[in-house]
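Everything below concerns the one structure shown next.
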Amino acid sequence: MPPLFPLTLSLYAAACALYCVAVSQALPPLLYRAARGCLLLALVSQAADIGWLCLHGQPPPTDAREAVFFISWLMVGVYLLATLRTPLPVVAALLLPVSMVLQVAARLAPAGAPEAHSLLRSLHVLSASLGTAILALGAGGSVVYLLLERQLKRHHLSPLGRRGPPLQTLDTLNRRTTLLGFPVFTLALVTGAAFLARQLYEGIPLRSVLARPQYVLALLSWLLFASLLLGRVTAGLRGRRAALLTLCGFGAVLAVLTLYYLRGLTGGGAP
Amino acid sequence: MSRLVVIGLSHHTAPIEVREEMAISGDALGEQLRRLLDVAPEAMVLSTCNRYELYLAAPDEATCEAAQAVVLQGRTRARAYLYRHHDEAALRHLFRVAASLDSLVLGEPQILGQVKHAYEAARQVGAIGPLLGRTVPRAFAVAKRVRSETRIGEHAASVASVAVELAGHIFGSLAGRPVLLVGAGKMAELAARHLRQAQVGQLWVVNRTRARANELAVRLGGTAHDFTELEALLGEADVVLCSTGASEPVLRADLLARVMRARRGRWLLLVDIAVPRDVEPRAGKLENVYLYDIDALRQVVEQNRRGRLREAEAAERIIEEELRRFIQSERQRELVPTIRALREWALSLARTEARRTLGRLSPGANERDRQLVAQLAEAVVNKLLHVPLSTLKREASDPGRPAPRDLDEALRRLFALDEAVQEAGAVEEAPRPREVEPLREAKQ
């Protein structure tokens, strides 16, 4: 286990608690800064852990476990970068528990059999991780959008609704994360396909490849995000439908990640 | 010594006709303040649509009666609705009024500006002295604290301002967003004024009677359009306020569905203040359309009002805390002339004795020795007085202890300070807020 993991997790928990309080009641700006500072410290601490893992021969592309740990770090990093100008504590309150669950799941899993080092494989894992982290932020924003939209339609605003960001800000977040996440995710898909083609060429039976549902799910998620992007550009798709489509797409991405994680537990390799 | 007194009536005690009768502003207010200065040393008049209040520094009850007669000017009907508070109760009332805890719309922000305006008007005619010069600015500080530490003013509390709040939840900033007014009703005008304050962009007015649309457009700084342009304008506007007198819906769901297609799904906030409703209720189900009719708006207002009531409890606690603090500082302040006189008396005694001792010293004593003896004498006085004066200040600020006047009297008798206190008292009148000083001099 990386040496700073308990500290990292504690810092994430403290930041998450502060953001949750911020969502339920108005906090003075100092506490917002404290939450952000806590999150930044946690990010640095986890980065140190990832560095330590790399030095000990367990970089993110090693196996599903390290990839999941890396994704949990990227999710927070992407959130902090994306909310430099517009703080979205409610999105942080949603994302941080997910990130913490991923970290714990990663650290609880046994180490998988190390895969042979390959540039294509590394590129695939890194782009898939980054794409997942970016799309996770969009999905977090979409959940908040749907909650607030429902309250506005029903004419009943909860404290979350009163302090939540405007719908348009959340939709803009969704648009930007899709615009940025989709090409990265596409790169992951292309490198994954190339890696798979090489495996087929090297003699892996086609039947065993077709038996893996993660390929179909990855393609499905790509199609969903592609249609979201196309809808935005051509038909002015936005708001509730865009949020729902994002959640469906991200659901498929999460399913792929879960399958890889489970395969890692049973000793299977990735991709 | 003057006491703070408030004499007034408000929406709690008086009907609107009486409040209208008492309302005063401009030159008439200045004239009334000048007449009040003939009977009282300090006065401030707060006149708004919901209250008329006179704040006085009154040495006795006769001053209050005389001041009341000046403001009533024979208006006997108003007399029955008047309330009068003295000292702590008057101070609490002032703090509560400035913090908008006594307002018709709890937490509304305008009242603080109105109290500041009243203070400024009184200051300009020289009606602010040491008492009001300390208490009213403290009320401003308390009001600011209430606003920053509670959420009493956070949510809109009127139908007009709810429209602005809702638009904020959808669009964030309203700056530059086009607004369409359908109909020229009073409520829509009021809501449009609120939106104008939020710096919205273009404002279009559509009405079946073009002349009324023109009038309203001029008043709001917008542009009037024919009813035939409605669909095109709906395609452009982000916020639509409806208040026609039509008996059938003006904006039907099918029209709005068409409009939303043309808008490519851009969000649209429809605020329908008309009764009967101007917007077909089914339109609220359209995607990215947010429809608020008068009942929905009232529902939001009521939610906000309940939220403000909860915050008012926290605000009342702040008021009580500030009141205690202010009263403590005032009680300590009453002893300042006596404390100063006592210190002066003791120091002069020490200096005299030091001089006498230095006279007896050998002629060879140098300047440094002389300074040391003088410093010794002063140090003994400071050490001797430190504990009793600290205790005195503590006792004076404790409301459970005797009034400072009793302590003051005891000290003066013990040390025969009467003469010294009179001298120090003359000095004490001097420290007043800077802006007040020239005004008091002018009055003298």
> What ranking do A:W222, A:W52, B:W267 get, fewest neighbouring Cβ atoms within 10 angstrom at the top?
Replying inline: A:W52, A:W222, B:W267
> Short version: what are the Cα gyration tensor semi-axes of chain A, square root of 5 times each eigenvalue, largest first, in whole Å?
Replying inline: 32, 25, 13
> Among A:G249, A:G236, A:G37, which one shows the biggest mean-square fluctuation in a GNM of chain A, springs joining Cα atoms closer than 10 Å?
Replying inline: A:G236
> In a solvent-free Debye calculation with one equal scatterer on each Cα, what is log10 I(q)/I(0) for the range B:138-253 at q = 0.12, 0.23, 0.24 Å⁻¹, listed in the order of the q values?
Replying inline: -0.48, -1.31, -1.39
> Which far-off residues, 5 or more places away or on another chain, put their amide H under 5 Å from the one on B:A224, with H placed in the peptide plane?
Replying inline: B:V205
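So how much slack lies between B:D38 and B:K116, counting 0.36 nm per residue of separation and subtracting their Cα-Cα distance, in nm?
The span from B:D38 to B:K116 would gain 25.8 nm if fully extended.
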>> Quick one: the Cα spread of the range B:285-349 along its three principal axes, in angstroms, biggest first?
In response: 90, 20, 14
>> Over chain B, with a Gaussian network built from C-alpha contacts below 10 Å, which listed residue (B:L269, B:L255, B:L46) shows the highest mean-square fluctuation?
In response: B:L255
> If you take the charge dipole of chain A about its Cα centre, with +1 on Lys and Arg Cβ and -1 on Asp and Glu Cβ, which of A:G57, A:A14, A:L230 is farthest toward its positive end?
Replying inline: A:L230
> Summing +1 for each Lys or Arg and -1 for each Asp or Glu, what net charge is found among the other residues whose Cβ lies under 13 Å from the Cβ of B:V39?
Replying inline: -3
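Report the far tail of the P(r) of the protein assembly as shown, meaning the percent of Cα-Cα pairs longer than 43 Å.
Working: 132155 of 255255 pairs.
Cα-Cα pairs in the protein assembly as shown separated by more than 43 Å: 52 percent.
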> Over all Cα pairs of the range A:164-253, how is the pair count split among 5 Å bins, expressed in % and running from 0 up to the last occupied bin?
Replying inline: 3, 13, 21, 20, 14, 11, 8, 6, 4, 1, 0
>> Can you bin every Cα-Cα distance in the range A:1-89 into 10 Å intervals starting at zero and give me the percent of pairs per bin, rounded to whole numbers?
In response: 17, 45, 26, 10, 1
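Based on other C-beta atoms within 10 Å, arrange A:C248, A:C16, B:C49 from fewest to most. Before the final figure, lay out each step's value.
Working: A:C248 18, A:C16 22, B:C49 13.
Neighbour counts put them in this order, fewest first: B:C49, A:C248, A:C16.
Between A:A17 and B:E61, how high is the FRET efficiency from 1/(1 + (r/R0)^6) when r is the Cβ-Cβ distance and R₀ = 56 Å? Nearest 0.05.
Details: r = 58 Å, r/R0 = 1.04.
For R0 = 56 Å, the calculated efficiency reads 0.45.
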>> What percentages make up the Cα-Cα pair-distance distribution of the range B:286-402 when the bins are 10 Å wide from 0?
In response: 11, 20, 16, 13, 11, 9, 8, 6, 4, 2, 0
>> Just want to confirm a number: the relative contact order over the range A:5-265, from Cα pairs under 8 angstrom separated by 6+ residues, in percent.
In response: 21
> How big is the charge dipole of the range B:276-374 about its Cα centre, in debye rounded to the nearest 20, if each Lys and Arg gets +1 on its Cβ and each Asp and Glu gets -1 on its Cβ?
Replying inline: 900
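Computed over the Cα atoms of the range B:65-220, what is the convex hull's projected area averaged over all directions, in nm²? Write down the numbers at each step before the final one.
Details: hull surface 53.8 nm².
The Cα convex hull of the range B:65-220, projected and averaged over all directions, gives 13.5 nm².
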>> Run the Debye formula on the Cα coordinates of chain B, all scatterers equal and no solvent, and tell me log10 I(q)/I(0) at q = 0.09, 0.14 1/Å.
In response: -0.76, -1.22
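Assuming R0 = 51 Å, can you tell me the calculated FRET efficiency for the pair A:V101 and B:S329, based on Cβ-Cβ distance, to the nearest 0.05?
Working: r = 55 Å, r/R0 = 1.07.
The calculated FRET efficiency here is 0.40.
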> Given the options A:A136, A:A193, A:A242, which has the most mean-square fluctuation in a GNM of chain A, springs set between C-alpha atoms less than 10 angstrom apart?
Replying inline: A:A193
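With r defined as the distance between the Cβ atoms of B:A232 and A:T86 and R0 fixed at 35 Å, what FRET efficiency is calculated, to the nearest 0.05? Don't skip to the answer; put the middle values down first.
Working: r = 33 Å, r/R0 = 0.95.
Here the calculated transfer efficiency is 0.60.
In the range A:189-242, how does Rg compare with the Kirkwood Rh, expressed as the Rg/Rh ratio over alpha carbon atoms?
Working: Rg = 15.7 Å, Rh = 13.1 Å.
For the range A:189-242, the value is 1.20.
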> Taking the alpha-carbon set of the range B:225-280, what are its Rg and Dmax in Å?
Replying inline: 10.8, 30
>> Tell me the relative contact order for the range B:53-149 as a rounded percent, counting alpha carbon contacts under 8 Å between residues six or more apart.
In response: 28
>> Show me, for the range A:94-109, the HN-Hα J-couplings you get by feeding each phi into the Karplus relation (A = 6.51, B = -1.76, C = 1.60, θ = phi - 60°), rounded to Hz, glycine and proline as x.
In response: 8, 6, 4, x, 5, 4, 5, 4, 4, 4, 5, 4, 5, 6, 7, 6
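Rank the residues B:K186, B:K116, B:K144 as a footprinting-exposure proxy: fewest other Cβ atoms within 10 Å of their Cβ go first.
B:K186, B:K144, B:K116
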> Cα-based Rg (one decimal) and Dmax (whole number) for the range B:3-154, in Å?
Replying inline: 14.4, 44
>> Restricting to Cα pairs below 8 Å that are 6+ residues apart, what does the relative contact order work out to for chain B? Please round to a whole percent.
In response: 14
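A short reminder: the numbers here are calculations on the coordinates, not readings from a lab. Predicted, not measured: the structure shown is a model, and the values here were computed from it. We place every Cβ from the backbone using ideal geometry, glycine too, and count neighbours over all the protein chains shown.
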